[in-house]
1. Between residue 96 and residue 200, what length comes free when the chain is fully extended (0.36 nm per residue of separation minus the Cα-Cα distance, one decimal in nm)?
2. Using 0.36 nm per residue, how much length does the chain from residue 161 to residue 136 gain when fully extended, once their Cα-Cα distance is taken away?
3. If packing is taken as the average number of other Cβ atoms within 10 Å across a peptide's residues, how do 70-76, 33-39, 367-373 rank, most packed first?
4. Which distance in nm do the two modelled labels at residue 348 and residue 224 give, with both placed 7 Å along the Cα-to-Cβ direction?
5. Treat the chain as a sphere of radius equal to its Kirkwood radius over Cα pairs and apply Stokes-Einstein at 4 °C in a medium of 1.567 mPa s; give the translational diffusion coefficient in µm²/s, rounded to a whole number.
6. On average, how much area does the Cα convex hull of region 33-154 cover when viewed from any direction, in nm²?
7. When DSSP beta bridges are limited to those with both residues in the chain, what percentage is antiparallel, rounded to the nearest 5?
8. Assuming 0.36 nm per residue, please report the length gained on full extension of the stretch residue 238 to residue 362 beyond their Cα-Cα distance.
Amino acid sequence: MKYPDKIIIVTVILIICHPAVGLTGDDPSGETWWQLVERANRNEEYVSALDYLSRIEINQPDNPELARARVTILNNLGNKYYQERDIARARDVFLEALEIDPANFVTLRMLGEISYFSQHLDDAERYWKEALAVKAGDPSLRAQLTKLNKEKKVEGKLNSSSLANFDIRYHGGDSSYDIYDIQSNLLEAYQEIGYDFNYYPIGSIVVLLYTGEEFSRLRDAPHWVGALNDGKIRLPVRSDQLDGDEIKAILWHEYTHSLIKDETNNNCPRWLHEGLAQHEQAKVIPVDVSPLDGAIRQGKLIPLSQLDRAFGFDQSGGAARLAYAEAYSLTEYLLEKYGFWKINVILQELKKGRGWRDVFEEELLMPVSELEKEWREAI
Ligand SMILES: [Zn+2]
């Protein structure tokens, strides 16, 4: 079950030129309003920056430079909300920017991205096409549009069912599974897994249930990939191969990825992501750790420093199975020794954008190499 990171957050660098006249402020520090705008923006205090900017705008309502500055700061604010997973506010802010400048590349691209991840594919296509008209030939946006068009052909035909935080898209005519079972699997995941992590995402999570053939067509993934989470949960329901519990286990696994991504602002090492996802999955069906035995006997365990790389699409099925087994075993070792509450503390620290090695060393009071040694001795 592969978990690539696909969300692209556009970094916005504020470049505002210094407008020439009439911008002197009257604050006690003597700084001009403009300097306050710049400082607030630099400190990522975008709401204040907009407020300071409005003091200048009162006297120069038609200054295009000020309008450009407003759009840039709104884009920064929208990006900040987006990174904090406050999608509704991010969207409002980008729409406000769009009112001022309907041809701003960053605004259009981000509105497209928000529409895409909330499964409003027509809106996403419209915004991205408009963005491409502004910056013709942007290669990554072109690639996104191509991917979107492929997905639209399949996903446009799916039925939709919204329940609580889940926006589920599925084949209504497929009688091999019951959509109510899928819904209850997800609701249970939300409650049970949320209880472990003490975290309940507030945003909507898109779950796409494909046929096996559709899944292969849309994803260029190796055969060992059973489902995907690239910001949306994508699952091939091969009913001839999967029973109800297996589908539930995959949904729990993938939902755990969504939760961790949301909780840590997408800053969790891959091995811990996969370890925790399997920990939750194992509550439905036990995880196969047999690849560990041979690797231990032959001294071929993957070093922790290389474990994240071992989940790549370029890996063989055998190598990937070993990586999953190791991630699971190490995570179980951590949970047993320190408890889930410690993992939650670590996740909270990761949310601040810190490197995982620093966080582990600080929280576990030992070097990561020591942790790895202890775990190897224990298995
Ligand atoms: Zn996974």
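1. Fully extending the segment from residue 96 to residue 200 adds 34.6 nm.
2. Length difference between fully extended and current span is 5.4 nm.
3. Sorting 70-76, 33-39, 367-373 by mean packing, highest first, produces 70-76, 33-39, 367-373.
4. 3.6 nm
5. Rounded, D is 56 µm²/s.
6. Here the figure is 7.8 nm², rounded to one decimal.
7. Bridges in the chain are about 45 percent antiparallel.
8. Computed gain between residue 238 and residue 362 is 40.2 nm.
No value in this document is a laboratory result; all are computed from the given coordinates. Nothing here was measured: the structure is a model prediction, and the numbers come from that model. Backbone-built Cβ (ideal geometry, glycine too); neighbour counts: all protein chains shown.
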